[in-house]
Amino acid sequence: MKILVTGGLGFIGSHTVVELQNKGFDVVIIDDCSNSDEKVLEGIERITGIKPIFEKLDLKEKDKVEDFFHRYKDIEGVIHFAASKAVGESVENPLLYYENNIGTLVYILKELCKKNKASFIFSSSCTVYGQADKMPITENAPVKQAESPYGNTKQMGEEIIRDTCKVTPNLNAIALRYFNPMGAHPSAEIGELPIGVPQNLVPFITQTGAGLREQLSVFGDDYPTPDGTCIRDYIYVVDLAKAHVVALERLLGNKNKDNYEVFNVGTGTGSSVLEAIQSFEKVSGKKLNYKIVERRPGDITTAYADTTKANEVLGWKAEYTLDEAMESAWVWEQKIRSC
Ligand SMILES: NC(=O)c1ccc[n+]([C@@H]2O[C@H](COP(=O)([O-])OP(=O)(O)OC[C@H]3O[C@@H](n4cnc5c(N)ncnc54)[C@H](O)[C@@H]3O)[C@@H](O)[C@H]2O)c1
């Protein structure tokens, strides 16, 4: 079966391409390399022995998207990762985010609506919950007012898919709400490649450990949590990638109960910033240079998933621990520094 993976050269997309190919799917990647490198294809090939078909294409170009689906009539499923994801940049330039994250989604859905049957997986985020009132967070927790245009594109994206599915019985979709993806493939052939200053905690930790950054700032230790630092649910990227394959198989095998479904993808365990630092120190044997600074505006205190629905309905469960995921991130960081 031929599957389109948009943003397939990116962090989560590349790991998902590997898991799809391991399961025998025929993968076509679309990526414009705005936040990735074509060399990722070689990493994928070294892991799986297969170089996926690659189309360098900007999904903002509607005509090119139409032309792609015209050329690849046999695409049966789409996993849509391609998006811009820097929260701060989205505040500075909201239209860029609405164009890239919403425009591209609409163009792809329009093409899928023309098909007799189509399966669609969307990269959503736990940001849709904001600071949830209850932990762990279930899929029924209310969606809160978005804190940024980026977060809003995930909420709007889900609404667009839900509304489209309502009037398009041939379209089957699943939105996966990721918690905090981290780590790298155990082969260290692919991993996260942040351009500029990392937005996420783990690459900032590993870059500081590798000496690329002088110091890690921990934003606040006076939150109402056991050690005072914010708590997140760190999910290993290979576990996350496997969740996409399981979700896609659910749709392709007509096992879905509704033609639009939503699942949390996390571990169900919250870890504080200090626990993440301790995990790094344990797996690397290095002391991390960090400093507690003022709270950062917009940071929520605690977010971790209730994964019961994904466990029971999808039959998927995260397998790796924070230490294992951290170790993979550290091995990857050392590898990219030595190249
Ligand atoms: N990484 C996270 O912490 C996280 C958390 C929740 C949700 N998500 C979502 O998951 C998805 C993948 O995230 P990621 O961390 O792998 O990001 P990433 O930036 O590594 O990957 C996205 C890929 O999409 C490509 N792309 C962007 N705009 C494009 C366009 N117009 N046309 C073609 N390609 C385009 C980029 O070049 C990049 O390779 C995104 O939708 C993101 O919002 C990520």
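Results, tabulated for the structure shown:
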item	result
Gln215 versus Glu45: modelled label distance in nm, points set 7 Å from Cα along the beta carbon direction	4.5 nm
Ranked list, fewest to most other Cβ atoms within 10 Å of each Cβ, for Asp299, Asp32	Asp299, Asp32
Among the listed pairs Lys134/Lys317; Lys51/Lys242; Lys286/Lys317; Lys39/Lys242; Lys134/Lys154; Lys64/Lys114, those beyond 27 Å (Cα-Cα)	Lys286/Lys317
Helix-derived mean residue ellipticity, 222 nm - over the chain, DSSP H n ≥ 4, -39500 (n - 2.57), to 500	-11000 deg cm²/dmol
Selected from Gln278, Ala173, Leu216, residue furthest toward positive end of dipole (the chain; charges at beta carbon)	Ala173
Net charge dipole size for the stretch 207-263 [Lys, Arg +1 and Asp, Glu -1 on Cβ; Debye, nearest 20]	380 debye
Sequence-separation-based contact order of the chain, relative, with Cα cut under 8 Å and 6+ spacing, percent	19 percent
Qualifying aspartates and glutamates (Cα of each under 15 Å from Cα of Lys257; at least 8 residues distant if same chain)	Glu249, Glu312
Spin-label proximity, Ile160 to the stretch 98-120 - amide N less than 19 Å from point 7 Å beyond Cα toward beta carbon	98-115, 118-120
Span per principal axis, largest first, for the Cα atoms of the chain (Å)	55, 45, 39
Gain upon complete extension [Asp133, Ser338; 0.36 nm per residue less C-alpha separation]	69.3 nm
Residues Glu61, Glu214 arranged by fewest to most Cβ contacts within 10 Å	Glu214, Glu61
Sequence of Val40, Val143 once ranked by neighbouring C-beta atoms within 10 Å, starting from the fewest	Val143, Val40
Cross-link partners of Lys282 among lysines (Cα-Cα below 21 Å; sequence separation of 8 or more within a chain)	Lys291, Lys335
Overall Cα dimensions of the stretch 1-150, principal axis frame, Å, largest first	45, 33, 32
Qualifying aspartates and glutamates (Cα of each under 13 Å from Cα of Lys110; at least 8 residues distant if same chain)	Asp63, Glu66, Asp67, Asp163
Assigned charges on the beta-carbon of Lys, Arg, Asp, Glu; the stretch 184-339 dipole about Cα centre (debye)	260 debye
Dipole magnitude of the chain about its Cα centre (Cβ charges: Lys, Arg +1; Asp, Glu -1), debye to nearest 20	540 debye
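Rule-based calculations on the coordinates, nothing more; no lab input. All values derive from a computational prediction rather than experimental measurement. Glycine gets a Cβ as well: all are built from the backbone with ideal geometry, and neighbour counts include every protein chain shown.
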